[in-house]
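The values are calculated or read from the model by the stated rules, or taken from the named source; none is laboratory data. Predicted, not measured: the structure shown is a model, and the values here were computed from it. Reconstructed Cβ throughout: ideal geometry from the backbone, glycine too, with neighbour counts over all protein chains shown. Ligands, DNA and RNA are excluded from the accessible area calculation, which covers all protein heavy atoms including side chains. Shrake-Rupley method; radii C 1.70, N 1.55, O 1.52, S 1.80 Å.
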Amino acid sequence: LFSHQNELFFNMFDHPMPRAFQNRFSTQYRCYSVSMLAGPNDRSDVEKGGKIIMPPSALDQLSRLNITYPMLFKLTNKNSDRMTHCGVLEFVADEGICYLPHWMMQNLLLEEGGLVQVESVNLMVATYSKFQPQSPDFLDITNPKAVLENALRNFACLTTGDVIAINYNEKIYELRVMETKPDKAVSIIECDMNVDFDAPLGYKEPERPTQHHEEPAEEESDPSNYEMDIGFRAFTGSGNRLDGKKKGIEPSPAPIGPSDIKRGIPNYDFKIGKITFIRNSRPQPRKTEEVPEISQFECLSPLMTILHCKLVMAVVPCKNVVVKMKQIF
């Protein structure tokens, strides 16, 4: 009987424990905010990220387990059934105590000294996340994606539904994690993640006033109503004297009305590509040709005209010839 009992006792421990129980870290701690951390050093850097401070015994226990790195943990408040995920920053807390950022304690609805369950987990690498600012003041940031990328370097993971806090220009901005892919809790260590923003909480788009402009009816244009180009007129203003007096200052000339301007005659023979240089725009006087006097014999035949010219030149002093000429005619 004794040998049979010993055989049962040894057979009970011959079977190895499941691997899931060997690699799992699970324990409870009293949680406090970082402001309660003892020591002269300022640990405000813990408030700017998503990592916690655990006791040295946790590091000793984690080193004995075959866990994957980086170390990621699931925090659960069993009283309120709230949970989130985080990384670990240091192992310098007192035994049985862990220190959390203030925004993380608000998400878990934990008070100072409350119990929190800490379990080691493995999370998938993030590919997409969507955030909603909790205040319209976030729109005042010039490049919000660059600010968020710089702030997320202090985070190890994201959980859908959490409200994280980032510090920028000595001001704290809260962002709600609306969506994460490929899972509701993802790791953001060494990953390429697409980031999108939802409209801030309480943001209202400015209303644009509706303008109803009636199109004026097209009327026939009247050429007489067009203003004519009066051209450049130099020194049309009034001058000022050094002594301040206004004596001897002539008023500016009266403006020229459209009726006082005369248009020139357009060049109707203008051809595209041809340039005409007018040397003298004044019209030149016309030359009048001398009209010869008409003689009394112009009506006669050309032959008689030639004969008449010869006789006149030869026999002007002779009266007899003239008589003969009359007799001939």
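Structure notes:
- Residue match in segment 117-126 (condition: within 12 Å of CYS31 (Cβ to Cβ), in contact (Cβ under 8 Å) with a residue 12 or more places away in the chain and surrounded by 15 or more Cβ atoms within 10 Å (Cβ to Cβ)): yes
- The set of residues from segment 31-57 being open to solvent by less than 30 Å² (accessible area, probe 1.4 Å), without any contact (Cβ under 8 Å) to a residue 60 or more places away in the chain and farther than 20 Å from ARG153 by Cα comprises just one member, PRO55.
- Lone qualifier among ASN154, ASN107, ASN167, ASN122 - being modelled with pLDDT under 90 and under 21 Å from ILE52 (Cβ atoms): ASN167
- Within segment 69-81, being more than 14 Å from GLU119 (Cβ to Cβ) and either of a type in the set (Ser, Thr, Tyr) or out of contact with any strand residue (DSSP E or B) (no Cβ under 7 Å at 6 or more places or on another chain) (or both) holds for TYR69, ASN79, SER80, ASP81.
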